[in-house]
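Colleague: I'd like to ask some things about the structure below.
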Amino acid sequence: MGGDERDAVVVGAGPNGLAAAVVLAAAGLSVRVYEASGEIGGGCRTEELSLPGFRHDVCAAAHPLASVSPFFARFDLEARGVRFVQPEVPFAHPLEGGRAVAALRSVEETVAGFGRDDARAYRALVGPFAESPRALGSVALSSHRGLPGGAARGARVVVAAPRSVTSLVGRFRDGAPRALLAGAGAHAMRPLDRALTGGVSLLLTGLAHGVGWPVVEGGSDRIVAAMAAFLAERGVEVVTGAPVRSLRELPKCRAVLLDVSPRGLLALAGESLPRRYAAQLRRYRYGAGVCKVDWALDGPVPWSAEVCRRAGTLHVGGSLEEIAVAEDEVARGRHPERPYVLAVQAGVVDATRAPPGRQALWTYCHVPAGSDRDMGEAVAEQIERFAPGFRERVLARSVRTARAVEQGDVNYVGGDIGCGLQDLRQTLARPALRWNPYRVPVPGLYLCSSATPPGPGVHGRCGELAATCALRDLFGIRSVGLGPSPGADPVPSRSSR
Ligand SMILES: Cc1cc2nc3c(=O)[nH]c(=O)nc-3n(C[C@H](O)[C@H](O)[C@H](O)COP(=O)(O)OP(=O)(O)OC[C@H]3O[C@@H](n4cnc5c(N)ncnc54)[C@H](O)[C@@H]3O)c2cc1C
């Protein structure tokens, strides 16, 4: 792996590693990227997992975060050929009795079926988060060190973020709005009474109204392909099938950016890390895992509730109380009988994902960390509850247990797709308690994975912020234009090595 010199080396070609490489290359540096897997993309790939002709997003499928990412705005994904396509209904939540509740693009249409008090409560609670989605994105997708996007708006997010789903829903009388917010909050992969689950719910629901929850036409891998094309134009070499086991294997360079988990950082650089920092990395906590199940269907899912047939994403788990039980079980290390299931049916707006008349369905459910249990039957059972006849549509299914998810990408420790528990402490102090989370306290070394703020999701911000920091520290470069709309990068500037 050694050999010729580079200005910078990036280890890991997930969305954040690639974003870091894009920023470094845009600054005119010579860069090389090493990726363990045979393919680039990490959590942003698309493959024929079930049957030929069925293109499944291997990991990320729904892109509200990419839609408001200041990095992707500057990089201008759309100008580079990535087409976000909008399901008419961003997300829906089937309920017993053939009913459903859904987050529609307009807050008013969403509350049309609610009682008067619930409609008023929903407007007051979620409305402000739907108003300025890009500003919301710039606050949520920041380094969490300061208040970008305007102090007032920033303050609203900061005040709401620590709340739990349970604390939000007390104001609603009916089960439908409570279930809607619980389904969105369960993305945090934690019991619904824990801090931050409410903040996650408000962020994701606000974005559903503000920008929708699009999928990428052709597959999420188009996002990665756009970054790879940019790198190829600038002569950046991306070496695949190249797991890096020690920093000593890397060529001589001034900056090394690691798109790895804290566990990966310890493995790569353990002996050179200061003792206190290494101890913090060892204490870093990982969250629950997921079991991913992809389905080849001979037609659309026969949801009983019509609105579910038009939705891109579905939260399948019944009432708030049922989802709360499922998430509690997972947190206690047990497999729920009725798991909370996330489903994405990209085919409602993207005909390229499956042969004519057929559907590729993406699902996962939460499981205890490190689980090796195949949850395919439990997922089918949950969908069948709200879409009788689902099983008859199944042509094939492909299952990856939580353990297999980690085998496919070592950053997902125990199958934790967030690369770290999303509690309040680890949202602010990711991966350790430091003013600048991107600088590893070893000269020239930076962490750029989703184990740094702003955390999980396909938004490229961890990579962008880490690379911006390295450029400033080591090369004296303060601002880089990425394309049509260059902008300033708000990274922590105080020195804290
Ligand atoms: C099942 C699943 C569903 C998801 N759904 C969504 C979604 O719908 N929307 C969304 O926004 N996000 C979603 N996510 C989360 C999103 O995919 C991740 O947050 C995002 O990919 C993190 O990007 P990253 O670059 O930090 O890490 P990763 O994408 O994990 O990439 C890290 C890369 O580094 C490589 N690597 C690690 N260590 C080494 C090493 N030592 N040597 C060489 N290479 C190495 C890995 O092989 C990998 O390719 C999902 C994730 C999963 C797994």
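Colleague: Taking the condition within 30 Å of Leu471 (Cα to Cα) and without any contact (Cβ under 8 Å) to a residue 24 or more places away in the chain, does Arg439 pass?
Modeller: no
Colleague: Which condition breaks for Ala351 when tested against (1) farther than 22 Å from Cys59 by Cα; (2) without any contact (Cβ under 8 Å) to a residue 12 or more places away in the chain?
Modeller: (1)
Colleague: Which residue out of Ala402, Ala380 is hydrophobic (A, V, I, L, M, F, W, C), open to solvent by less than 70 Å² (accessible area, probe 1.4 Å) and within 20 Å of the chain's Cα centre (by Cα)?
Modeller: It is Ala402.
Colleague: Also: Could you list, in sequence order, the residues of region 2-25 that are open to solvent by less than 30 Å² (accessible area, probe 1.4 Å), farther than 18 Å from Ala66 by Cα and either more than 7 Å from the ligand (Cβ to nearest atom) or modelled with pLDDT under 95 (or both)?
Modeller: Scanning region 2-25 gives Ala8, Val9, Val10, Leu24, Ala25.
Colleague: State the number of residues belonging to region 384-401 that are touching a residue at least 24 places away in the same chain (Cβ under 8 Å) and more than 20 Å from Val58 (Cα to Cα).
Modeller: The number of residues fulfilling the criteria is 7.
Results for (1) more than 16 Å from the ligand (Cβ to nearest atom); (2) at pLDDT 95 or above; (3) touching an Asp or Glu at 6+ places or on another chain (Cβ under 6 Å); (4) not hydrophobic (A, V, I, L, M, F, W, C), shown as yes or no for each residue.
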| site | (1), (2), (3), (4) |
| --- | --- |
| Val169 | yes, yes, no, no |
| Ala179 | yes, yes, no, no |
| Gly185 | no, yes, no, yes |
| Leu202 | yes, yes, no, no |
| Val211 | no, yes, no, no |
| Val238 | no, yes, no, no |
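Colleague: So, one more: Scanning for something under 21 Å from Pro214 (Cα atoms) and surrounded by 24 or more Cβ atoms within 10 Å (Cβ to Cβ), does region 364-374 turn up at least one residue?
Modeller: Yes, some residue in region 364-374 is under 21 Å from Pro214 (Cα atoms) and surrounded by 24 or more Cβ atoms within 10 Å (Cβ to Cβ).
Colleague: Same structure, new question: Report, by residue number, each residue of region 230-246 that is more than 25 Å from the chain's Cα centre (by Cα) and either assigned to a loop (DSSP other than H, G, I, E, B) or at positive phi (or both).
Modeller: Arg234, Gly235, Val236, Arg245, Ser246
Colleague: For region 451-474, which positions are small (Gly, Ala, Ser) and open to solvent by less than 20 Å² (accessible area, probe 1.4 Å)?
Modeller: Listed by number, the residues that qualify are Ala451, Gly455, Gly460, Gly463, Ala466, Ala467, Ala470.
Colleague: Out of the residues in region 247-272 that are more than 9 Å from the ligand (Cβ to nearest atom) and not in a helix (DSSP H, G or I), state the one that is surrounded by the fewest Cβ atoms within 10 Å (Cβ to Cβ).
Modeller: Ranking the candidates gives Lys252 first.
Colleague: Report, by residue number, each residue of region 33-69 that is surrounded by 24 or more Cβ atoms within 10 Å (Cβ to Cβ), more than 8 Å from the ligand (Cβ to nearest atom) and not aliphatic (A, V, I, L, M).
Modeller: Scanning region 33-69 gives Thr46, Phe54, His56, Ser69.
Colleague: Right, here's the next one. If you check Gly98, Gly170, Gly183, which single one turns out to be over 25 Å from Asp416 (Cα atoms) and in contact (Cβ under 8 Å) with a residue 24 or more places away in the chain?
Modeller: Just a single option satisfies the conditions, and that option is Gly98.
The values are calculated or read from the model by the stated rules, or taken from the named source; none is laboratory data. As the structure is a computational prediction, the values presented were derived from the model and not from experiment. Backbone-built Cβ (ideal geometry, glycine too); neighbour counts: all protein chains shown. These accessible areas exclude ligands, DNA and RNA; they are computed on the full protein's heavy atoms, side chains included. Shrake-Rupley method; radii C 1.70, N 1.55, O 1.52, S 1.80 Å.
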